[in-house]
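See structure below.
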Amino acid sequence: MNKKHILIACGTGVATSTVVCMRVKEELEKNNIPATVEQCKVAELPSKISGADLVVTTTAYESEDIPVIRALSFLTGVGIEADVQKIIDILS
């Protein structure tokens, strides 16, 4: 399987994206999905999105080029299993 590139974005690229980033990395390892996971601000996404396979964000963002998952579940714990499955399905 090719190594995937995932962007994790929040408003400031610091606090919430760090939590989401750690959780996504854990889930990727559990599912043997090799990936580079990069944190950034939502405002940086247009300049970083080229070459990415997936965007996981805690705020509103849309792209016609690659899949975007709005994953507040990684912060709240509600619905996290469904969002993890979406990520696995997209990257597999």
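Residue-by-condition table, conditions (1) at pLDDT 95 or above; (2) touching a Ser or Thr at 6+ places or on another chain (Cβ under 6 Å); (3) open to solvent by 80 Å² or more (accessible area, probe 1.4 Å); (4) under 13 Å from Ile69 (Cβ atoms):
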{"residue": "Asn2", "(1), (2), (3), (4)": "no, no, yes, no"}
{"residue": "His5", "(1), (2), (3), (4)": "yes, yes, no, no"}
{"residue": "Thr12", "(1), (2), (3), (4)": "no, no, yes, no"}
{"residue": "Thr16", "(1), (2), (3), (4)": "no, yes, no, no"}
{"residue": "Cys21", "(1), (2), (3), (4)": "no, no, no, no"}
{"residue": "Ala35", "(1), (2), (3), (4)": "yes, no, no, no"}
{"residue": "Ser50", "(1), (2), (3), (4)": "no, no, yes, no"}
{"residue": "Leu54", "(1), (2), (3), (4)": "yes, no, no, yes"}
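Residue under question is Ala60, and the condition is that it be loosely packed, with under 11 Cβ neighbours inside 10 Å, of a type in the set (A, V, I, L, M) and in a loop (DSSP other than H, G, I, E, B); does it hold?
yes
Can Asp89 be described as under 12 Å from the mean Cα position of the chain (by Cα) and in a helix (DSSP H, G or I)?
No.
Picking from Val56, Val19, Val42, which residue would you name as being closer than 12 Å to His5 by Cα and either within 12 Å of the chain's Cα centre (by Cα) or aromatic (Phe, Trp, Tyr) (or both)?
Answer to the selection: Val56.
State which residue pairs qualify: first residue of a type in the set (Lys, Arg) and inside the stretch 60-82, second residue assigned to a loop (DSSP other than H, G, I, E, B) in any location, beta carbons under 9 Å apart, and separation of 6 or more residues or different chains.
Arg70/Thr58; Arg70/Thr59; Arg70/Ala60; Arg70/Tyr61
Within the stretch 48-58, does at least one residue satisfy the condition of being touching a helix residue (DSSP H, G or I) at 6+ places or on another chain (Cβ under 9 Å) and small (Gly, Ala, Ser)?
yes
The values are calculated or read from the model by the stated rules, or taken from the named source; none is laboratory data. Since the structure is predicted, the reported quantities are computational estimates derived from the model, not experimental observations. As a convention, Cβ positions derive from the backbone with ideal geometry for all residues, glycine included, and neighbour counts pool all protein chains shown. Surface areas here come from the heavy atoms of the whole protein model, side chains and all, with no ligands, DNA or RNA. Shrake-Rupley method; radii C 1.70, N 1.55, O 1.52, S 1.80 Å.
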